[in-house]
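The values are calculated or read from the model by the stated rules, or taken from the named source; none is laboratory data. Everything numeric here is computed off the predicted structure, so don't read it as measured data. Here Cβ is always computed from backbone atoms with ideal geometry, including for glycine, and neighbour counts include all displayed protein chains. In case anyone asks, the SASA skips ligands and DNA or RNA and just uses the protein heavy atoms, side chains included. Shrake-Rupley method; radii C 1.70, N 1.55, O 1.52, S 1.80 Å.
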Amino acid sequence: MTPPLANKSPFITLEGGEGSGKSTQIKLLSQWLGDLGIDHVCTREPGGAPGAEQIRSLVLTGDVDRWTPMTEVLLYTAARSDHVERVITPALDSGRMVICDRFYDSSIAYQGAGRGVGVEKVRDLQKLVLGDLRPDLTLILDLPVQVGLGRAVSRETDKAAAEDRFERMDVSLHETFRRVFLEIAEQAPDRCVVIDADREVDDLQHILRGIIAQRFGLLEQA
Ligand code: TYD
């Protein structure tokens, strides 16, 4: 397999814990980019391509312990490889901006640290599979774990199921994900921007648009 070539147009990823609002923000970014006439693709992980979506249902359904941590990271990374080769790289090569809901930083936080595979092992695996492909910009939507989990639970329509879910959530694990995202940002300050996501949707959107516009000179182009 040939590793993907260097990016031709902006590749942006959004990362963050539960309830950080990534998908709502991506929808609003897409409307804005559309209004500016900027050709773009919004996609997500795990998934984003037909085969990768099949892997998504393997990893996100069933018992939490259905897979060993190593199998899990291999599945996420297999899905990513398919997604990159079939969707992300072709889109970038044809000059379209790509915005992706989660990417390899999630594997580092969730499987590397959270499930104990080891951050370095997961990093090495990403390199093996993706070569030099890396996002140009990673927006990390950061907020206190209790706020994020509370938001995620309040989205549930079935309140009894919501409470049950909340009780089963391991808060300290989510604290680990948050800490690792912040460490990743510290180690890659040219790529990552941490944004306090404990604010109103429109407010957060305004900030994200400002960062993207400035980083890629969008308003000058439009
Ligand atoms: P999803 O329902 O898309 O929710 P959200 O992204 O809004 O949290 O669930 C994706 C889940 O997959 C999420 O719990 C994080 C997890 N995940 C990993 O554990 N490793 C990965 O590499 C990726 C991409 C996601």
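I'm trying to understand the selection: among the residues of the range 116-139, which are in a strand (DSSP E or B) and surrounded by fewer than 23 Cβ atoms within 10 Å (Cβ to Cβ)? Listed by number, the list holds a single entry, L137. Considering each residue of the range 27-35 in turn, at least one proves to be surrounded by fewer than 19 Cβ atoms within 10 Å (Cβ to Cβ), in contact with a Cys (Cβ under 8 Å, 6 or more places away or on another chain) and not charged (D, E, K, R).
Report the residue count in the range 191-216 for those that are among the acidic types (D, E) and either open to solvent by less than 40 Å² (accessible area, probe 1.4 Å) or in contact (Cβ under 8 Å) with a residue 40 or more places away in the chain (or both).
Here is the first cut: in the range 191-216, the residues among the acidic types (D, E) are 196, 198, 200, 202-203.
Pick out the ones that are also either open to solvent by less than 40 Å² (accessible area, probe 1.4 Å) or in contact (Cβ under 8 Å) with a residue 40 or more places away in the chain (or both) and you get 196, 198.
Result for the range 191-216: 2.
Selection of the range 82-110 for residues being surrounded by 19 or more Cβ atoms within 10 Å (Cβ to Cβ), among the polar types (S, T, N, Q) and more than 10 Å from the ligand (Cβ to nearest atom) yields only T89.
Every condition in (1) in contact with a helix residue (DSSP H, G or I) (Cβ under 9 Å, 6 or more places away or on another chain); (2) not in a helix (DSSP H, G or I) is met by D65 except one, and the failing one is (1). Candidates in the range 31-49 are the residues that are more than 17 Å from the chain's Cα centre (by Cα) and not in a helix (DSSP H, G or I); of these, the one that is farthest from the ligand (Cβ to nearest atom) is G37.
For D65, the conditions (1) within 24 Å of R178 (Cα to Cα); (2) at pLDDT 95 or above are fulfilled apart from (2). One residue alone among A78, A113, A52 is under 22 Å from C192 (Cα atoms) and either assigned to a helix (DSSP H, G or I) or within 12 Å of the ligand (Cβ to nearest atom) (or both), and that residue is A113.
Determine whether A188 is more than 16 Å from the ligand (Cβ to nearest atom), touching a strand residue (DSSP E or B) at 6+ places or on another chain (Cβ under 8 Å), modelled with pLDDT of 95 or more and of a type in the set (G, A, S). So A188 passes the test.
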